[in-house]
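*Asks:* I am attaching a structure below and will ask some questions about it afterwards.
The values are calculated or read from the model by the stated rules, or taken from the named source; none is laboratory data. None of these values were measured; they are calculated from a predicted model. Ideal geometry is used to build each Cβ from the backbone, glycine not excepted, and the neighbour counts take in all protein chains shown. Quick note on the areas: whole protein, heavy atoms, side chains included, nothing else; ligands and nucleic acids left out. Shrake-Rupley method; radii C 1.70, N 1.55, O 1.52, S 1.80 Å.
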Amino acid sequence: MKHIREKLTERQKNNALRKLSERSFAIDFYSNDYIGFSTNPTITERVSQLISDTTPHGATGSRLLSGNSHLFTETERYIADFHNAEGALLYNSGYDANVGFFSCIVGRGDVILYDSYSHASIRDGISLSLAHSYKFKHNDLDDLEKLLKKFATGDKTVLIATESVFSMDGDSPDLVHLVALAQQYGAYIAVDEAHAIGVFGKHGCGLVQALGLETAIFARIVTFGKGLGAHGAAVVANDEVIQYLVNFSRSFIYTTAMSPHSVATIRAGYEQLQQTEAMNVLHHNIEYFKSLINQYGIEGFIPSDSAIQAMVVSGNDRVKSLAERLQTQGIGVLPILAPTVPAGQERLRVCLHSFNTEKEIKQLVNLTIQQFSN
């Protein structure tokens, strides 16, 4: 097809063509495995205890057909209790959870107001819904209130969609103020906690719970491919919402359930969260990295208290060149290119982990200064 060749040529011209590659760097500053759970031996051992030799490799069908089991229901109960909620519903991925939730949760003619930096999965779910949708400026609650004044008129449901930690910037909205606004205008809130689980709150419960706001939030989407080092996601909400999703969320209903091994890994990860000191080490590393940035006066980093530290380096060519020069030194960092972020807002995305040493972090900072000045 003509448009396929044209689109690929355009990406090549803009130095933005994506390719699959097997990455292996001496030092990991690019993965989402913030507290090292993907290779945690205690989790591996616990998974072998949760599944037996007779456990099937696959779920064999959707949850509503042959794919359900006590492992699913017990894990969902554990997740709900952990997050101080009535219920939880597992999805095959964070993408599936967001698409499945936002595509069905409000009705025809209702309104979804979403942060302009919302993840693609949130935006895709919204685009599949029958609601009207409007974006507000990133983390700009004054702009959100203008929309609330216009659309929260009482004759329609209004849902606000945001993230507790934004994946490209590592920053967070003022959730306390956001809740106050929603309550003032009678709106509901859904928060994607993908990059907050395992990073913020007691035992890594997320930023919503860390702020004591869980009872004021309509639904949370918690994802396990980041801090838990696993796969899959869950929507955490009251029992009525969970029952509704079981009946109307198409990405839950019309897909084979995740494998029992994946579910066991999620359960084991949650158990390990309550026993590990890795989160404390992660926060030490975050503070150490930020202190070096301030000490050396490096400009361009977006303010963030999360594991994601992003340095704006305008231009696809420029940021790719910087990343490649660092990679040749064994530093695993990746560039974030337009159109993933707006043109002119391209960035070097640094992911910090509990397993990074101070020596590695200082090496990253020193090499960044050296290469950026070239």
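*Asks:* Roughly what percent of Cα-Cα pairs across the range 74-213 reach past 26 Å? Don't jump to the answer; show the numbers that get you there.
*Replies:* Values: 2017 of 9730 pairs.
Of all Cα-Cα pairs in the range 74-213, 21 percent lie more than 26 Å apart.
*Asks:* Cut-off under 27 Å on the C-alpha distance; same-chain residues fewer than 8 positions from LYS156 excluded. Which lysines are left, in chain and number order?
*Replies:* Straight-line reach from LYS156, under 27 Å: LYS135, LYS137, LYS146.
*Asks:* Let's see if you can work this out: charge +1 on each Lys and Arg Cβ, -1 on each Asp and Glu Cβ, no other charges. What is the dipole magnitude of the range 189-330 about its Cα centre, in debye to the nearest 20? Working shown, then result.
*Replies:* On the way: 9 positive and 12 negative charges, 64 e Å.
Computed charge dipole of the range 189-330: roughly 300 debye.
*Asks:* Let me ask something additional. Show which lysines lie in cross-link reach of LYS13 when reach means a straight Cα distance below 19 angstrom and same-chain residues fewer than eight apart are skipped.
*Replies:* Once the sequence-local lysines are set aside, what remains near LYS13 is LYS2, LYS320.
*Asks:* Shifting gears a bit: Where does each of MET311, MET1 land when they are ordered by accessible area, with a 1.4 Å probe and the largest first? Each step should come with its number before you reach the end.
*Replies:* Details: MET311 5, MET1 170 Å².
My answer, sorted largest first, is MET1, MET311.
*Asks:* Scan the range 1-110 for GluC sites (Glu not before Pro) in coil per DSSP, keeping those whose Cβ has at most 15 other Cβ atoms within 10 Å, and list them by number.
*Replies:* Numbers: sites: GLU6, GLU10, GLU22, GLU45, GLU74, GLU76, GLU86; in loops: GLU22, GLU86.
When the GluC sites (Glu not before Pro) of the range 1-110 are filtered for loop state and at most 15 Cβ neighbours within 10 Å, GLU22, GLU86 remain.
*Asks:* Something else: Which whole-percent values make up P(r) of the range 245-295 when all C-alpha to C-alpha distances are grouped in 5 Å steps starting at zero?
*Replies:* Per 5 Å bin, starting at 0, the Cα pair percentages come out as 4, 15, 11, 11, 13, 11, 11, 11, 8, 4, 1.
*Asks:* Follow-up question, since we're still on this one. Using the scaling law 2.2 N^0.38 Å as the reference, what is the normalised Cα Rg of the range 324-374?
*Replies:* Numbers: Rg = 12.1 Å, N = 51, 2.2 N^0.38 = 9.8 Å.
The range 324-374 yields a ratio of 1.24.
*Asks:* Still on this model: May I ask for the equivalent-ellipsoid semi-axes of the chain, computed as the square root of five times each C-alpha gyration tensor eigenvalue and listed largest first in whole Å? Write out the running numbers ahead of the final one.
*Replies:* Values: eigenvalues 206, 146, 93 Å².
Listed largest to smallest, the semi-axes of the chain are 32, 27, 22 Å.
*Asks:* If the chain between ARG18 and THR73 were fully stretched, how many nm would it gain, using 0.36 nm times the residue separation less the Cα-Cα distance?
*Replies:* On the way: separation 55, 0.36 × 55 = 19.80 nm, distance 3.83 nm.
Here the answer is 16.0 nm.
*Asks:* Further question on the same structure: May I ask you to give the average projected area over all directions of the convex hull of the Cα atoms of the range 43-111, in nm² rounded to one decimal? Please report the intermediate quantities before stating the final value.
*Replies:* Working: hull surface 27.0 nm².
Computing the convex hull of the Cα atoms and averaging its projections yields 6.8 nm².
*Asks:* Turning to a different aspect of this structure: Of the DSSP beta bridges with both residues in the chain, give the percent that are antiparallel, rounding to the nearest 5.
*Replies:* Values: 18 of 37 bridges.
The antiparallel fraction comes to roughly 50 percent.
*Asks:* Please state the charge dipole magnitude for the chain, taken about the Cα centre, from unit charges on C-beta atoms (+1 on K and R, -1 on D and E), reported in debye and rounded to the nearest 20.
*Replies:* Numbers: 32 positive and 39 negative charges, 265 e Å.
Dipole magnitude for the chain comes out near 1280 debye.
*Asks:* Go ahead and estimate [θ] at 222 nm for the chain from helices alone: -39,500 (n - 2.57) per DSSP H run with n ≥ 4, summed, over the residue count, rounded to 500.
*Replies:* Values: 14 runs with 153 residues, N = 374.
Mean residue ellipticity at 222 nm (helix-derived): -12500 deg cm²/dmol.
*Asks:* Of all the accessible heavy-atom surface of the chain, with the other protein chains kept in place and a 1.4 Å probe, what percent is carbon and sulfur?
*Replies:* Details: 8650 of 17550 Å².
Carbon plus sulfur share of accessible area: 49 percent.
*Asks:* Take the residue pairs LYS7/LYS150; LYS226/LYS290; LYS19/LYS226 and return only those whose Cα atoms are more than 28 Å apart. Don't jump to the answer; show the numbers that get you there.
*Replies:* Numbers: LYS7/LYS150 38 Å; LYS226/LYS290 21 Å; LYS19/LYS226 22 Å.
Flagged as over cut-off: LYS7/LYS150.
*Asks:* With the Cα gyration tensor of the range 1-63 in hand, convert its eigenvalues to equivalent ellipsoid semi-axes via √(5λ) and list them largest first in whole Å.
*Replies:* Ellipsoid semi-axes (Å, largest first): 39, 23, 8.
*Asks:* So, one more: Set Lys and Arg Cβ to +1 and Asp and Glu Cβ to -1, take the dipole of the chain about its Cα centre, and tell me which of LEU128, TYR78, PHE218 lies farthest positive.
*Replies:* Ranked along the dipole, the leading option is LEU128.
*Asks:* Moving on. Could you work out the local net charge near TYR117, counting Lys and Arg as +1, Asp and Glu as -1, over the other residues with Cβ closer than 14 Å to its Cβ? Please list the in-between numbers first.
*Replies:* On the way: positive: ARG123, LYS135, LYS137, ARG347, ARG349; negative: ASP115, ASP140, ASP143, GLU163, ASP169, ASP171, ASP192.
After counting each charged neighbour, the total is -2.
*Asks:* Another question, then. What GluC sites (Glu not before Pro) does the range 239-329 have in DSSP loop regions with at most 10 other beta carbons within 10 Å?
*Replies:* When the GluC sites (Glu not before Pro) of the range 239-329 are filtered for loop state and at most 10 Cβ neighbours within 10 Å, GLU277, GLU299 remain.
*Asks:* Quick one: putting +1 on the C-beta of Lys and Arg, -1 on the C-beta of Asp and Glu, what dipole do you get for the range 271-374 around its Cα centre, in Debye to the nearest 20?
*Replies:* Values: 8 positive and 10 negative charges, 70 e Å.
Taking the Cα centre of the range 271-374 as origin, the dipole is about 340 debye.
*Asks:* So how compact is the range 110-151: Cα radius of gyration and Dmax in angstrom?
*Replies:* 10.2, 27
*Asks:* Over the heavy atoms of ARG318, what accessible area does a 1.4 Å probe trace out, to the nearest 10 Å²?
*Replies:* Its accessible surface works out to 130 Å², give or take rounding.
*Asks:* Now a separate question. Name the residue farthest towards the positive end of the dipole of the range 152-249 from the options LEU207, THR162, HIS177, assuming +1 on Cβ of Lys and Arg, -1 on Cβ of Asp and Glu, about the Cα centre.
*Replies:* LEU207
*Asks:* How much accessible area per residue does the chain have, counting only protein heavy atoms and a probe of 1.4 Å, in square angstrom? The partial results should precede the final answer.
*Replies:* Details: 17550 Å² over 374 residues.
Heavy-atom accessible area per residue stands at 47 Å².
*Asks:* Let me ask something else. Net charge near ALA190: determine it from the other residues with C-beta under 12 Å of the C-beta of ALA190, scoring Lys and Arg +1 and Asp and Glu -1. Intermediate values should be presented prior to the final figure.
*Replies:* On the way: positive: ARG220; negative: ASP115, GLU163, ASP192, GLU193.
My count for the surroundings of ALA190 gives -3.
*Asks:* Provide the three semi-axes, in whole Å and in decreasing order, of the ellipsoid equivalent to the range 208-332 as defined by the square roots of 5 times the Cα gyration tensor eigenvalues.
*Replies:* 36, 20, 17
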